[in-house]
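To start, the structure under review is shown below, and the notes come after it.
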Amino acid sequence: MASNASSVQRVRVDGKFLRLGANKFFVKGITYGPFVPDDTGHYFPSPAQAERDLAQIRELGANVIRVYSKPPKWLLDLALAGGIRVMVDVPWNKHICVLDSKEMRQEVVNQVRDMALHCARHPATLAISVVNEIPPDIVRWTGPRNVSALIEHLVTLVKEVDPECLCTFGNFPPTEYLNPENIDFLCYNVYLHNQRAFDNYLARLQMIADTKPLILGEFGIDTVREGEEAQAEILSWQVETLFRGGLAGGIVFSFTDDWFKDHILITDWAFGVTTAERKPKAGFRALREKFNAAPYFTLPRYPMVSVVVASYNGARTLEVCLESLQRINYPNVEVILVDDGSTDQTTQIAEKFPKVRYIRHDVNRGLSAARNTGIQAARGQIVAFTDSDCRADEDWLHYTVSALLTGQYAAVGGHNFLPPEDSWVAAAVMLSPGGPAHVMLTDRVAEHIPGCNMVFYKWALEEINGFDPLFRKAGDDVDVCWRLQQRGYKIGFSPSGFVWHYRRSTVADYLKQQSGYGEAEALLVHRHPEYFNWFGGSQWQGKIYSPSKFGVLTRRPLIYHGWFGAGFFQTLYTPAPSFGLMLLTSLEYHAVVVTPLIVLAVVFRQLIPVAVASMLIPLAVCAVAAWQADLAKDRRRPWSRPLVALLFFLQPIFRGAARYKGSVRTPRRATMPAPKPGATQSAQDGGPEAPVGQLIEYWNERGIDRVTFLNGVIEDLDQHGWPNKVDTGWNNYDLEILGTTWARLHLTTVAEAIGHGKEMIRCRLKPRWTFVAKLVMSAVIGVDLLLIGLLMNRYWWVVFVLLSVPLMMWFMAEQQRKILRQVAVFLDDVGQKLKLRKIEAKPLDL
C-alpha cells in the first residue's frame with residue numbers, strides 16, 4: 001500500500017488555508033494516543049484495533065488524527081486508505097534545557113531527523129510538529145530567540161528530507177510570543193471553556209498568525225470534572241466558533257479515554273469522546289454533527305452582494321480576476337465590471353463573461369469615479385470592491401460578509417497575498433515599502449483596509465456620498481475609511497476573507513505606482529490634515545500589518561511573563577520601527593542634509609568625509625531593511641535582497657517628490673480674514689511685546705458649554721477654508737490650526753464653573769513652529785557652525801553668518817504673531833455669535 005501511496009497528492013498551504021488538489025482541506029481532527037506500548041515499543045494498539053478505531057473516527061467525520069509518538073508504517077497506510085491524514089509530533093524531552101548541552105541538542109536533532117526519514121515522505125503525513133508545548137520557564141531560561149532558532153533549525157532538517165512536508169510546532173498561550181518564521185502554519189493548543197473568551201482569543205491568534213494558516217492543535221473537555229453533557233455542549237460551540245472564525249481547522253483532544261502518559265495509564269482524566277472501551281459519549285454525537293456541518297456554517301442571512309471591479313487598462317490580469325469571481329462561494333452575488341475608458345483588450349475580455357455586468361466610461365475619469373459608477377449600478381445591499389490585478393479566494397465573501405453581518409461594522413476588509421505564480425521581482429516589490437496594508441486598532445477593528453479588498457454596506461457609502469472623485473489613482477480607500485470613522489462607524493477585519501494581489505513586475509512600474517501614491521497623499525493632507533504629522537506622514541493609531549520591514553527597531557520587543565514567569569498568557573509587545581531611521585531615507589533628508597553637504601564639500605574639501613557619511617547612512621538603513629526581509633525560498637534570487645534595498649532607497653524619494661508636486665497642484669485654502677475694525681489691541685498685533693502665547697477669556701451666562709464653543713470655532717475655520725486638526729483624544733490640546741508654512745497654533749480650552757449656571761471659558765493659544773521651520777532653522781544653524789569653523793580668519797564673514805540666526809528668529813516670531821492675532825479674531829467672531837462677553841486678552845508666558 002505504501003508503494004502505491006507515493007502518487008497520492010499532498011496537502012499544501014494556500015493563503016490562510018490548506019489545499020488538497022483543487023479543493024481546500026479543512027482540518028477536522030482528533031488526537032489518537034499515546035497508548036500502552038506493545039512489545040515492539042510502539043505506543044499504539046494492535047493493527048486490528050487501530051483499524052476499528054479509524055473506522056469510528058471516519059464515522060465521526062474527522063479527516064486528521066494527531067499522534068504523539070512515531071507511528072508504525074502500517075498505521076500510516078491504514079489512515080491513508082481511509083482518507084485520513086496524520087499529524088505527527090516528535091516526542092523529545094522539552095522539559096529540560098536542551099540548549100545548555102551540545103549532546104542534548106544533538107539528541108533532539110537526531111530524533112527529529114529520524115522522524116522525518118520515517119514519516120515525511122509518506123503521503124498520509126499531513127505535517128510534522130517538531131515539538132509540542134515547550135514550558136515557559138524553559139523558554140525564558142534559554143531565551144525566546146534561541147528557542148525560535150532551534151525550532152527553525154528542526155523545521156529545516158525536516159524540509160531537507162522532504163521539502164513538501166508541512167511543518168509546525170505545538171504552541172500554547174504561555175509562549176504565544178514564539179513565532180518561528182519558517183513554519184508552514186501556526187498550531188495552538190487552547191483550553192478555554194468560556195465561549196466569549198474562546199472567540200476573542202481566536203481573534204488574537206489570527207492576528208499573531210497574520211498571513212499563515214491557523215489550526216487549533218488541541219482543544220477539549222474533561223468529562224470527569226465537567227460531565228458528558230457539558231463536553232457535548234462546549235465542543236459544539238467550540239467547533240462552530242473556530243470555523244466561523246476562519247481557522248484552517250482544529251483537532252479535538254481526544255478520541256478515547258484510553259490514554260498512557262509519562263509511563264502510567266491515566267485514569268483521573270477523561271477527555272475522550274469515547275470511553276476507554278470505545279463507547280461513544282454525548283460529545284461524540286455532538287462532534288459528529290458539527291464536523292459534518294463544517295466548515296461552512298450558515299450565515300444569519302445572505303443579502304445580495306455587488307462585487308465592483310474598476311479597471312483601467314488592466315487586461316493583463318483581468319481575465320484571471322473575473323474567472324475567480326465566477327467561483328465565489330456565496331449564493332447571492334452579482335459582478336459589475338466598470339471599464340474606466342480603457343484602451344487595451346478590456347472590452348474583448350468582458351465579452352467572455354456574459355454574467356458580468358459591463359459598464360464603460362467613454363473617457364478615463366479616475367478610480368473613485370469608476371467605483372461610484374459601480375455603487376450607483378449595484379443592486380445589492382452590500383457592495384464589495386476588488387481590483388483587476390487581484391483574484392479572489394473562493395471563500396472571500398463568505399468570511400467578509402459573515403464579519404459584516406455579525407459585527408457592528410459599516411465595512412470589512414481582509415488580507416491581500418502575493419499569488420504563488422507571481423515573479424521574483426513582484427516578491428521583492430511586496431517586501432518593499434508603500435504596498436497595500438491594513439492597520440488594526442484591535443484584534444478585530446481596523447483603522448484602514450486596503451482598496452483591493454473592501455466590503456461595505458451600501459447605505460454607509462451613500463451616507464458619505466461614495467468615493468471622492470478627487471482621488472483618481474489612489475488614496476480613495478484611506479479617505480473613505482477616515483470619513484466613515486469620523487461619522488462614528490467601525491471598520492472590521494476578516495483574516496480569512498482574502499484576495500491574491502499581483503504586484504508590480506518591474507521597478508519602473510513600482511516607482512510609477514509610488515508616485516501615484518505620493519500625489520494621493522498630497523490630496524489626503526489637503527482633505528484630512530488632522531491625520532498627518534508635522535513631517536507630512538500619516539498618523540496611524542493602530543498597528544500596521546505589512547510584509548515590508550523597515551530598518552532596526554528602537555528597542556527589543558518586550559515579553560510580559562507574569563509573576564515569576566508563570567503567567568498563563570504571556571504576551572509580546574513589539575515597539576514600532578524607528579521614526580528617525582525613516583527620516584534618514586526621506587526626500588527631505590536628501591534635500592536638506594545630503595545635497596547641501598555635497599555642495600559645501602565641493603568648495604571645502606574638509607567636508608568630503610561628512611558628505612560621504614551622509615550618503616552612506618540611508619544606504620546602510622536600506623541594506624538592513626533588505627536583510628530583514630522575509631524572502632520565500634522559491635522566490636529568492638541572488639539579486640532579490642539588493643533589489644529590495646534599492647526599492648527602499650528609491651521609494652521615499654519618488655513618493656516624496658510626487659507628494660510635493662501634488663501639494664503645489666492642490667487648490668490652496670482660502671486665507672484667514674484680516675482683523676475687524678474695533679478688535680482689541682491684543683487681537684490686532686498680539687500685544688506690544690509680541691508674546692509667545694495668549695490667554696483669552698469669555699464670560700458665559702447663557703449655559704453654552706465648552707464643546708459648543710469649540711464646534712463654533714471649527715465651523716468658522718472650515719467656512720474660511722483654513723486647515724485645522726481636531727484632537728482625536730491623544731493630545732493635550734483641543735485644536736491645532738495650521739497657519740503658514742512656518743507657524744501653527746495649539747488651542748486649549750477649559751471651562752471654570754462659577755455657579756448659578758455661570759462659567760468662564762478660558763482659551764490658551766500657543767504658537768508653534770512647523771516642521772519646515774524647525775528643519776530650516778536646524779539647517780541654518782548647522783551651516784553657520786560649519787562656516788564659522790572654516791572662516792575663522794575672515795571676520796566679516798563670521799559676523800554675517802552670526803546675523804543669520806537672529807534674522808531667522810525674528811522672522812519666525814513675526815509668523816507666530818500673525819497666526820496669533822488671526823486666531824484671536826476667529827475666537828472673537830465665535831464669541832459674538834454665541835453672545836459671550838470677552839475679557840481682555842492677556843499675554844501668556846510660556
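Readers should treat all values here as calculations from the given coordinates under stated rules, not as data from a laboratory. Since we're looking at a predicted model, the values are computed, not measured. A quick note on method: Cβ atoms are made from the backbone with ideal geometry, for glycine too, and the neighbour counts reach across all protein chains shown.
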What order, most packed first, do the peptides 604-611, 472-479, 57-64, 145-152 have when packing is the mean number of other Cβ atoms within 10 Å of each residue? 472-479, 57-64, 145-152, 604-611
Residues with beta-carbon under 13 Å from that of I57, excluding I57: net charge, scoring Lys, Arg +1 and Asp, Glu -1? +4
With label points set 7 Å from each Cα along the Cα-to-Cβ direction at Y302 and L583, the distance between them in nm comes to 5.6 nm
Quick calc: nm separation of the 7 Å Cα→Cβ label points for M615 and A751 -> 6.1 nm
Chain lengthening between E323 and Q832 when straightened (0.36 nm per residue, less Cα-Cα): 176.9 nm
Env charge @ P123, Cβ radius under 14 Å, K,R +1 / D,E -1, value +2
Which order do the peptides 402-408, 210-216, 765-771 come out in when sorted by mean C-beta neighbours inside 10 angstrom, highest first? 210-216, 765-771, 402-408
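Past 24 Å, Cα to Cα: identify those pairs from K212/K633; K212/K512; K725/K774, in the order given. Walk me through the intermediate numbers first.
Working: K212/K633 16 Å; K212/K512 30 Å; K725/K774 20 Å.
Pairs exceeding 24 Å: K212/K512.
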If I take R0 = 56 Å and measure r between the Cβ atoms of R145 and V363 in this structure, what FRET efficiency does the formula 1/(1 + (r/R0)^6) give, to the nearest 0.05? 0.50
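Need the full-extension length gain, T442 to E277, defined as separation in residues times 0.36 nm minus the C-alpha distance. One decimal, nm. Kindly include the intermediate steps, with their values, before the conclusion.
Working: separation 165, 0.36 × 165 = 59.40 nm, distance 4.62 nm.
Taking T442 through E277 to full extension adds about 54.8 nm, to one decimal.
Using alpha carbon coordinates only, what is the Rg to Rh ratio of the range 250-391, with Rh defined as the Kirkwood radius?
Numbers: Rg = 25.5 Å, Rh = 18.9 Å.
With Rg and the Kirkwood Rh in hand, the quotient comes to 1.35.
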Quick one: of K102/K261; K490/K543; K24/K290, which pairs are farther than 20 Å apart, Cα to Cα? K102/K261
Can you report the principal axis dimensions of the chain using only the alpha carbons, biggest first, rounded to whole angstrom? 101, 68, 67
Hey, what did the range 34-139 get for relative contact order, percent, Cα under 8 Å, at least 6 apart? 26 percent
For the range 337-468, give the magnitude of the charge dipole about the Cα centre (Cβ charges: +1 Lys/Arg, -1 Asp/Glu; no others), in debye to the nearest 20. 380 debye
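Can you give the charge dipole size of the chain about its Cα centre, rounded to the nearest 20 debye, using +1 on the beta carbon of Lys and Arg and -1 on the beta carbon of Asp and Glu? Intermediate values should be presented prior to the final figure.
Values: 90 positive and 85 negative charges, 417 e Å.
Its charge dipole is roughly 2000 debye.
Just to verify a number: FRET efficiency for V8 and D727, C-beta to C-beta distance, R0 = 56 Å, to 0.05? Numbers along the way, then the final one.
Values: r = 62 Å, r/R0 = 1.10.
Approximately 0.35, to the nearest 0.05.
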I need the peptides 632-645, 116-129 ranked by packing, meaning the mean over residues of other C-beta atoms within 10 angstrom, with the highest value on top. 116-129, 632-645
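Counting helices only, and only those DSSP H runs with n ≥ 4, report the 222 nm mean residue ellipticity of the chain as the sum of -39,500 (n - 2.57) divided by its residues, in deg cm²/dmol to the nearest 500. Mind showing how you got there, number by number?
Working: 26 runs with 337 residues, N = 846.
The per-residue figure over the chain is -12500 deg cm²/dmol.
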